[in-house]
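Remarks on the structure that follows.
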Amino acid sequence: MPAQPASRVPDEAHQPPDEPLWCSRCNTDKHLLVNSIQSHYPPAPNMVDVAYECHACRYSYRQIASVQKVAVVLNRPGIAQGVLQFGGQYLHCGEPMKTKSCELRRIQAPLALRPGDSERLYEIYINTRILGCQCGFRMEIPD
Ligand SMILES: [Zn+2]
Ligand SMILES: [Zn+2]
């Protein structure tokens, strides 16, 4: 493998600093709750735009952080963070959930198209994706 020229700056140097999620008022990250995660723009691998709030002092923060840093807060036991959505990805346990399977679901719904019409049974087909987390959590979403 040829050696990299010394003058070449690694791509990491252009990435935003990866500070941990932290409440500087309480000087702890214990009370943080993640409110939203969005893809960072311009897209940097693994970096997200995260908004979070400190439970204790009610102060809100917003910063660019790596998924790993966000996961530190998300993975904390005791606080149910639920499912987070960002950039078309769903996070559970601080990790992007993986598509387990795709399903075509048939849904039947009684519907009256116009007021006064009698209801008819309509069939709708929707594509859904089953997402799974390593912890066993599963979720079905329309594709
Ligand atoms: Zn605080
Ligand atoms: Zn999980």
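The values are calculated or read from the model by the stated rules, or taken from the named source; none is laboratory data. Everything numeric here is computed off the predicted structure, so don't read it as measured data. Accessible surface areas use protein heavy atoms only, side chains included; no ligands, DNA or RNA. Shrake-Rupley method; radii C 1.70, N 1.55, O 1.52, S 1.80 Å.
Filtering segment 98-136 to residues that are open to solvent by less than 70 Å² (accessible area, probe 1.4 Å), part of a loop (DSSP other than H, G, I, E, B) and under 27 Å from ALA71 (Cα atoms) leaves CYS133, GLY136. Do we have any residue at all in segment 47-62 that's at pLDDT below 80 and open to solvent by 90 Å² or more (accessible area, probe 1.4 Å)? Scanning segment 47-62, I find no residue that is at pLDDT below 80 and open to solvent by 90 Å² or more (accessible area, probe 1.4 Å), so the answer is no.
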